[in-house]
Structures are given as C-alpha cells and as structure tokens.
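Reviewing the structure listed below.
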Amino acid sequence: MPVEERARALYPDFIPHEVEVPDWRLEDVLRRSANQFADQDALVFYHRHWTYSEFLHDAQRCARALQDRGLKEGDRVALMLPNCPQYAISYYGVLMAGGVVAQVNPLSVERELQYLLEDSGASMIVALDQVLPRVAAVRAVTPIDGVIGVSLKGTVAADGVEDFWEVLRSASSDIPERPTADNQAVAVLQYTGGTTGRSKGAMLTHRNLVANLIQLHAYTPDGMSLGSETFLGVIPLFHIYGVECVLNLCVYMGGRLVLLPRFDVTEVLEAIRDQHPTLWPGVPTMYVALLQRPDVSEYGVDSIRICNSGSAPMPKELLERFEDTTGAAILEGYGLYETSPVTHTNPYWGVRKPGTVGLPLPSTEYRVVDPNTGADLGPGELGEIWIKGPQVMKGYWNRPEETQASLVDGQWFRTGDLGSYDEDGYLAIMDRLKDLIIASGYNVYPREIEEILYQHPDVVEAVVVGAPDSYRGETVRAVIVPRTGSGLTVELLNEYLARNLAAYERPKMIEFRDSLPKSAVGKILRRVVRDEPLS
C-alpha cells in the first residue's frame, strides 16, 4: 500500500484522496470573498479596519496605478514590507495587474537586497520608509525604475519615491485591466533561506497557491468555518508560511486578519485579549515566549482553538505545556518554500501524534527514499522525503540545472529532509541531510538530542550542531538558553544527559546563552550557530 494510502485508510470520511483545483488565479480568491463577505472585516491593524469591499477596492486601485506606471504582465514587483495592510493591498494589487510578487525580507542588508533585486529583475519595489536608504544605496545597480514608500504612521517624503496612498489615489480607474495569463503563470518568487548557498527564487504559480488553500480547507472541514474565523497574523507575510497560511488562507476563508508588524509578547497578548483570534499560525519560539509569561491565562487565550505550528520542529514537551496552559490545539505541520508551503499536518479531527508532522494533505503523495539510490523505504526506516502534488513549485527562477536536480521526473521534489513514517503513515522529520553529524562513524541526529534537552525543565531553548574534531571527525555541540534563575550548570546538565543519551550522542561542547539567533519568522538559525568560529 502506498504510504499516503495508509493515512487515508485511517480516516476515509475526513481525508479526500484528491481535491479538484479550480482554474482560478490567486487574486480571484479575494474577489470571491469580497462578493460573499463584502461588509465584514477583512483586515485589522491596530485601530484601523478594512472590510472586504474596501480591501478589494484598494487592491484594484493599486493594480491600476501599477499598470499606469508601465507594469506589464510577468513583470516583477518587489515587496519589502512588514505585516501591514499596505502589504496585503500591494500583494493582491500586483497579482491583479498581472505582475509577479518578489518577496524581500525587510531586514535584508544592502548586499542581500541588491542580489534579490538583480536576480528577480524587479522593475518596481514597494518598501517601508525605514528601509528606503538601503533601497537608494543599491538602486542604481539594479533594474528598479519605480519606488513606492510605505509609512505606518503618515506619508513618505523622499527624493525619487512615491507615497503609497498617493499612488493609489492617482490611479486612472478603479478597475485594472485583467491579465490574459492563466493560473499556470508564476504568481510569486519566494526566495529560499539560502542555507545551502545563494538564495533561490522558487517559482510558485497561481495554481500552486490556490491548490494549497483548497487542500488545507479540505483537510480541516470542521476546524475552519467560512466567514467566521479571526486569524492572528504575526508570522511575517514575506515568508511563504505567513503569506499562504495567514493572508491567503484567511482571505480564502472570508476571515478577519489581525495584523501585527512584529512579534512582541505583550502586543500579541493584548491582541488576543482585544480581538479574540480563533486561529494562530505560529512557530515554536513564539509559543515558548508566551509560556514564559506567568500571566498568560489572563489574556483570554482560550479564544484560540487552533495553533498551526510550522517552520521548525515542535518539541513534544513544549506542545504539551502550551496546550495545557492555553487549551488550544497545536497542529504541527510540515512544508517548504518549494511546496507553497504545506504538505503535511496533524489532523484536528483525528489522532494527533506529537513528534510527527502528521498526514499528507489531499492530492499529496510522499515517499521516503534512500538518498543514494532513490529506492523506497518502509515504515520506521530513515531516508530523504520526496513530495509530489499540485502545490509543488514550477522550478527555480533562472536556474534550470538546480530545478532539474530538485525535481525528479519533473514532479517529485527532493526536500533534502530526513524523515520516517509509521505504520499509519504519520511522518516524522528528523533533520536536514546536511545537518547530520557523523562522530566516530556514528550518525548523530541533532533533533533527537534537542528533544532530550527540551525535556529538562530548566532548558528554554536549545540547538545542536556538529563541530570539527581532529579525532572523531565531528563532535556534538549544544548551545542552550536556560530558564532565568534556574541555577542550571554544565555539570548538572551533563549528569542529566548521561542518563538519557548514548556516549557518542552526548554533547562534548555545551554553551549557555541568553538567546539564540533566529530568522524573521522566529526559526532558530542552526546554520548561524554551526558556522560560528570556535574559540
């Protein structure tokens, strides 16, 4: 029995084998919800609200204004914005104009920004006023012709920059010219994290992104209700997890999106108290931060029914503590930039297995294979995860060789992640292939050690990496954030690890810190720790 069929055999009434993907472009999702939920709130940003009718109107004016400025079908427009209404309006405006969104992290330094603008060939950029000096510094050596500035407090006044709201007011019409391209056209260039070299632009088509929305809703039919959900949008929208599982899914559901421009524990708790979100897609570090607040239960966190956890592994102990504290169900899932992003998630309506990322979405096939031979492996055997489905990218932008290497037979995406599945088809992610530590000939899996570390009551965060060792080849290095005031020492931690790990697995290097480096989405940056010079 194919691996995905094991899962569907468990829940035949809940997981359809296939979903029908309509021939919509992604912007049609907004048009549908605006037609059905015109007067309901779509966007909430502090004290400002946009109904779906207002959201659609602003997106259409944005599209027309871009067309007035010469944007043609297929042209790329870079968005360099935090979570804010202007991001959502620009995102859908670019698509309505027939353009392609090129996602840019607002924290990108000049070198990174120049590379992304050159690689994407973006002719316009919509950027936060605070990053405009960086844009100006690289503009002359990039294809950028037009710069639109966004201020979260007022208007933008800078040489060679147009203010966002002035651009919308200047539109020659409320209705843009409709693109002629179908849903197979590229909608978004989603740049990968660059952990294996220079960042690559995953070409996500309109069909890829629409398919993932259909898959997610079909997978959780009783967990999300049309027109009645409130999403907490603190995951950055420039990340594929944020834009698809927060913005696009909320719009598809006709939900209400509460936007926060950054993760601040107090702001998040106040937003929960005041806006009563029902769905909160997040990452483990966010849930860790909330658990450090002794007054968390005073903010009405019981309004949240579902927390989708992605982007990084969710330690079992953290999941259980968070659910016990808040009453919310955490559904750990799995996905990648290249898969739009979701391929697996634990079921809201069935058995959730902590330590796994659950079952495949409808119309999604996966294999666990020997990375050297491509031969399929059985339950419990560790190998590389391959994915096939309508959410798998078209390829990498201007990188045909890397596309060919990543897409086996043009369909199966080689994730580079190591995992295994159980007899029921639940998938567990072990590590990236490149993160495997080989110490004295033994395979050491960082996540296994991190799981043990997280079970210690005085460990708040942990990351495990390999370090060069002249005798063993590599040795195990652990960097720990201890609980404040715990009194944890290296000696005490070593005693604990000796009781729980084999000798070859135990970290030979242990370091305590106040914090760990994280990406903008809150994912612990293992590669940054791994690449640090050792004293």
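The values are calculated or read from the model by the stated rules, or taken from the named source; none is laboratory data. Predicted model only: the values in this text are computed from it and were never measured. Virtual Cβ from ideal backbone geometry, glycine too; neighbours counted across all protein chains shown.
State whether the residues of region 428-440 include one that is farther than 30 Å from Asn105 by Cβ, at pLDDT 90 or above, of a type in the set (Val, Ile, Thr) and not in a loop (DSSP other than H, G, I, E, B). There is no residue in region 428-440 that is farther than 30 Å from Asn105 by Cβ, at pLDDT 90 or above, of a type in the set (Val, Ile, Thr) and not in a loop (DSSP other than H, G, I, E, B).
Looking for something closer than 23 Å to Val29 by Cβ and either at pLDDT 95 or above or out of contact with any Lys or Arg (no Cβ under 8 Å at 6 or more places or on another chain) (or both) - is there at least one such residue anywhere in region 153-169? Checked region 153-169: at least one residue is closer than 23 Å to Val29 by Cβ and either at pLDDT 95 or above or out of contact with any Lys or Arg (no Cβ under 8 Å at 6 or more places or on another chain) (or both). Only one entry in Val459, Val464 is surrounded by 16 or more Cβ atoms within 10 Å (Cβ to Cβ), over 21 Å from Leu336 (Cα atoms), touching a residue at least 40 places away in the same chain (Cβ under 8 Å) and β-branched (Val, Ile, Thr), namely Val464.
Residues are listed down the side, and each one gets a yes or a no for (1) more than 27 Å from the chain's Cα centre (by Cα); (2) closer than 22 Å to Thr142 by Cα; (3) not assigned by TED's automatic domain parsing to the domain that holds Ala102:
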| position | (1), (2), (3) |
| --- | --- |
| Arg32 | no, no, yes |
| Ala38 | yes, no, yes |
| Asp41 | no, no, yes |
| Ala59 | no, no, no |
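Right, Pro507: modelled with pLDDT of 90 or more, in contact with a strand residue (DSSP E or B) (Cβ under 7 Å, 6 or more places away or on another chain) and not basic (Lys, Arg) or not? Criteria met by Pro507. The residues in region 149-166 that are free of Cβ contacts under 8 Å to residues at least 40 places away in the same chain and surrounded by 14 or more Cβ atoms within 10 Å (Cβ to Cβ) can be counted, and the count is 8. Reported count of residues in region 245-258, each being closer than 20 Å to Tyr219 by Cβ and part of a strand (DSSP E or B), is 0.
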